[in-house]
Amino acid sequence: MSLYINDTTGIDELTRSGSQEQSYKTPAFALFAAQQFDAAAAEPKLFVFKTEENDYVEISASALKKARKGCDGLKKKAIKQKEQAAKQQEQAAAAAAKQMANMHITIEEDKSLPAALRCKIDQSYTHVGERVKVSGWIHRLRSNKKVVFIVLRDGSGYIQCVLTGNLALAQQTVDLTLESTVTLYGSIKKVPEGKSAPGGVELDVDYYEIVGLAPSGEESFSNKITEDADPSILLDQRHLALRGETLSGVMKVRAALLAAIRRVYKEENLTEVTPPCMVQTQVEGGSTLFKLDYYGEEAFLTQSSQLYLETCLPSLGDVYCMQESFRAEKSHTRRHLSEYTHIEAELTFLTFDELLQHIETLIVNSIQYVLEDPVAGPIIKELNPDFVAPKAPFMRLEYKDAIEWLKEHQILNEEGNEFQFGDDIAEAAERKMTDTIGVPILLTKFPVEIKSFYMPRCKDDPRVTESVDVLMPTVGEITGGSMRINNLEELMAGFKREGIDPKPYYWFIDQRKYGTCPHGGYGIGTERILAWLCNRYTVRDCSLYPRFSGRCKP
Ligand code: 4AD
């Protein structure tokens, strides 16, 4: 038999005949192919195409020797492949058989067991030795051959659950996915000494029901949310990202913080009110107003509820609100949102010093309550292990002294020049100063020109106002407040200075006509105080669905 080899047009495939039209690519393969057709056949004659002669020429003795060696290698490889294929087939058959068997494992409740007590996961920790049922989402899922480990989450806590025996083998269990919802029945056991688990317990599962099976494969939860995903993808998937331990932890601290602040306000006899969000007046400058078409009239989303709180003083006394404020902040910074939860309070018949003391009391006591909270306290420890609870009195630093400090430390203003009295201390410089000093600061007495129309001048230095910013290491300003001008003429001069038409403010101005009083107040950015408390790089991590320029979804 003659076989033809052409290393440019030939192909090493067993479907080819080895004729001149269906030549092979290599001599070794030609020898190998000949034996596939007839193992006992004599060695074929090989002809190799030579370009120089434009024809097939019988193979040289040395090339034939090499081809025989190559052919041996191909034979060995073929045998190995055959063995591997057989092994794979065997394994697939075994898996299919196991699956068939697992398919037939039915998961049924043993009715002879004591009735299971329905409880939330955090309650289950105290039911050691009892049979309970807990419902939740599969937060983590791991299995070895005979045991399946689930960490179940229900918002109240996490519990480690163990499935063994048929429960672990059943196909239904093999098919479980992350974020599926299940109800697990079983007994609560203390984890052995030296091992740790949430609540110090483990659920030894004896039966379970699937409530909602989450997708597997392409659509699986772990494909949607990955730790190293781009922040904008995580924001698009915020509804899923919120299920993570860090974000949900921050949200729990947030809830505890708002509750703690309400508790302090109750202790300090402030009344909660809910001012409107749709308004026709500005508080903190026109450039960050969100405009709104209000049935054909111009209106805005509120920047601050301060002016409305001030109107409540004569009827309700000291008041506070926790309300959304809106700022059309064009710049992307790590501490600015377009919508944030603003904690604001207004207090009557007090001095500037008393206002500062009240702010200290609020911050110190509410932070203490949050740290003592059984849910939030441990989360803060985890997220911010080095957190030091602030103690009153805070360091007091007047604006004019801060300017000197900045000069001494060669920190420059926004234009890149040495700071001068009258300059705004913008975010970067403010943070550098706060981080260097390293403790909470009450920065007071800002110049009239860089503060709002409603702030009164200091009696001893009319260049500056009775105003305060609370600065915290790592975030900078978390609170802005001041005494309010209570004299009618002075207030009108404030409007004039800032170029604001006083007409729409008639209701605010009336407070100075119908029984004026010394008063002051402040606003705390909830997300900023949280960023400080939970050691988050940006306030975006502290808002449920953060809004900033370019993002208003989901
Ligand atoms: O300093 P601000 O602008 O003060 C006021 O709005 C006053 N009218 C409040 C009052 O006296 N009732 O804002 C107060 C605080 C800031 O210290 C900061 O914590 C937060 O609100 N804040 C923001 N937080 C997130 N994103 C923004 N764009 C913020 N703007 C202000």
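For the reader, a short list of remarks on this structure follows.
- Residue pairs whose Cβ atoms lie under 6 Å apart, separated by 6 or more positions or on different chains, with the first residue in the stretch 27-45 and more than 11 Å from C71 (Cβ to Cβ) and the second among the polar types (S, T, N, Q), are K45/S2.
- Within the stretch 415-429, considering residues that are in a loop (DSSP other than H, G, I, E, B) and either outside the structural domain of I450 (by TED's automatic domain parsing) or without any contact (Cβ under 8 Å) to a residue 12 or more places away in the chain (or both), the one farthest from the chain's Cα centre (by Cα): N417
- Search result, residues across the stretch 251-282 that are among the hydroxyl-bearing types (S, T, Y) and either closer than 18 Å to Y340 by Cβ or within 29 Å of the chain's Cα centre (by Cα) (or both): T274
Quick grid of which residues meet (1) closer than 25 Å to S156 by Cα; (2) polar (S, T, N, Q); (3) at pLDDT below 95; (4) assigned by TED's automatic domain parsing to the domain that holds G523:
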| position | (1), (2), (3), (4) |
| --- | --- |
| E354 | no, no, no, yes |
| L362 | no, no, no, yes |
| D373 | yes, no, no, yes |
| A376 | yes, no, no, yes |
| E382 | yes, no, no, yes |
| E408 | no, no, no, yes |
| N413 | no, yes, yes, yes |
| R431 | no, no, yes, yes |
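- Some residue of the stretch 255-276 being of a type in the set (S, T, N, Q) and in contact with a helix residue (DSSP H, G or I) (Cβ under 8 Å, 6 or more places away or on another chain): yes
- No other residue among G550, G499 is at positive phi and either outside the structural domain of L270 (by TED's automatic domain parsing) or near the ligand (Cβ under 9 Å from one of its atoms) (or both) apart from G550.
- Extreme residue, nearest to the ligand (Cβ to nearest atom), among residues of the stretch 332-352 that are modelled with pLDDT of 95 or more and polar (S, T, N, Q): S338
- I210 being out of contact with any His (no Cβ under 7 Å at 6 or more places or on another chain), of a type in the set (A, V, I, L, M) and more than 30 Å from K111 (Cα to Cα): no
- Any hit, the stretch 375-383, residues being over 23 Å from R536 (Cα atoms), in contact with a helix residue (DSSP H, G or I) (Cβ under 9 Å, 6 or more places away or on another chain) and touching a residue at least 40 places away in the same chain (Cβ under 8 Å): no
- Listing of strands (runs of 3 or more DSSP E) fully contained in the stretch 1-108 that carry 3 or more residues being surrounded by 13 or more Cβ atoms within 10 Å (Cβ to Cβ): 2-5, 45-50
- Scanning the stretch 77-135 for residues that are within 23 Å of D154 (Cα to Cα) and among the polar types (S, T, N, Q) returns Q123, S124, T126, S135.
- In a residue-by-residue description of the stretch 190-202, the property of being surrounded by fewer than 15 Cβ atoms within 10 Å (Cβ to Cβ) and part of a strand (DSSP E or B) applies to at least one position.
- Criterion applied to I359, I363 was being assigned to a helix (DSSP H, G or I), within 11 Å of the ligand (Cβ to nearest atom), crowded, with 19+ Cβ neighbours inside 10 Å and in contact (Cβ under 8 Å) with a residue 12 or more places away in the chain, and the one residue passing it is I359.
- Residue count for the stretch 459-496, restricted to those that are surrounded by 14 or more Cβ atoms within 10 Å (Cβ to Cβ) and more than 16 Å from the ligand (Cβ to nearest atom): 4.
- Across the stretch 388-414, the qualifying residues are those that are of a type in the set (V, I, T) and part of a loop (DSSP other than H, G, I, E, B), and the one among them that is nearest to E360 (Cα to Cα) is V388.
- Only one of the numbered conditions (1) over 25 Å from Y308 (Cα atoms); (2) modelled with pLDDT of 95 or more; (3) within 14 Å of the ligand (Cβ to nearest atom) is violated by T526, and that is (1).
- Filter result for E398 (over 18 Å from E477 (Cα atoms), modelled with pLDDT of 95 or more, among the charged types (D, E, K, R) and surrounded by 12 or more Cβ atoms within 10 Å (Cβ to Cβ)): no
- Scanning the stretch 285-331 for residues that are within 11 Å of the ligand (Cβ to nearest atom) and loosely packed, with under 12 Cβ neighbours inside 10 Å yields K330, S331.
The values are calculated or read from the model by the stated rules, or taken from the named source; none is laboratory data. Model, not experiment: these values are computed from the prediction. Using ideal geometry, Cβ is built from the backbone for each residue, glycine included, and neighbour counts are taken over all protein chains shown.
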